[in-house]
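Okay, structure first, notes after.
The values are calculated or read from the model by the stated rules, or taken from the named source; none is laboratory data. Since we're looking at a predicted model, the values are computed, not measured. Backbone-built Cβ (ideal geometry, glycine too); neighbour counts: all protein chains shown. For accessibility, only protein heavy atoms count, side chains too; no ligands or nucleic acids. Shrake-Rupley method; radii C 1.70, N 1.55, O 1.52, S 1.80 Å.
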Amino acid sequence: MQAVPSAGKQLAPMPTRTKHTVYQRNGNDPSFDLRSELYRIAGVDLTDVPGVSAITAQVILTEIGPDVSRFRNASAFASWLGLCPEKRVSGGKVLSCKTRKVKSRAALALRMGANSLCRAKGYFGEFFRRLRAKLGTAQAITATAHKIARILYHVLLSKQPYTESIFHLCDEQAQFRAEKRLRKQAALLGFQVVPIPAVPELVP
């Protein structure tokens, strides 16, 4: 069942795309403007999230719907999709940290969307390639799909459009915390951390 806006409520105009890649119509895309219909139902453009196409967004809304308030937080949402590692401990020993096997079309669509980011530019492309080099392709796909799921949860809950600036802010905060931790450890050992001055680039 689709949510129909009331007669007195005007839907905001369709926002412009901010993705780096240009939209290309696929052979399995419907003949009508699916993106506009999904925006009308969800109240926010899900296709602006990297790795989320119109078909992926349709699967998400079909399986979950536009209301995600029944999940207490983004972690619970990702766990319901089976995109979180489930740690099994017996006698204080970790037996397994694998993700649960769930039959969810939404989780499958998110994994396929995450795999499409292997050559993408921007934050998500760098995130996927960094994890692939460290953990392997399968775990990189799961981790990237998990991050996309958390973003979709916040986008659907707040109805605020996706923006990549939050990731740059988080990276700056993580770098600040790492620097503060290093300075504290160096002070305990009687050392002092001195930043290396930036070397100016030589112009040919």
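May I ask you to list the residues of region 104-131 whose amide nitrogen lies under 20 Å from a point 7 Å from Cα along the Cα→beta-carbon direction of Gln175?
121-131
With θ set to phi - 60° and the Karplus curve 6.51 cos²θ - 1.76 cosθ + 1.60, what are the ³J(HN,Hα) couplings of region 140-154 in order, to the nearest whole Hz, using x for Gly and Pro?
5, 5, 5, 5, 5, 4, 5, 5, 4, 4, 5, 5, 4, 4, 5
Carbon and sulfur together cover what percent of the accessible area of region 132-181 at a 1.4 Å probe radius? Write down the numbers at each step before the final one.
On the way: 1830 of 3200 Å².
C and S fraction of accessible area: 57 percent.
Beta carbons within 10 angstrom, averaged per residue: use that to sort the peptides 145-157, 112-124, 181-193, highest first.
Taking the mean over residues of other Cβ atoms within 10 Å, the ranking is 145-157, 112-124, 181-193.
For the peptides 130-138, 74-82, what is the packing order when you average, over each peptide's residues, the other Cβ atoms within 10 Å and list the highest mean first?
Numbers: 130-138: 12.7, 74-82: 19.6.
Final packing ranking: 74-82, 130-138.
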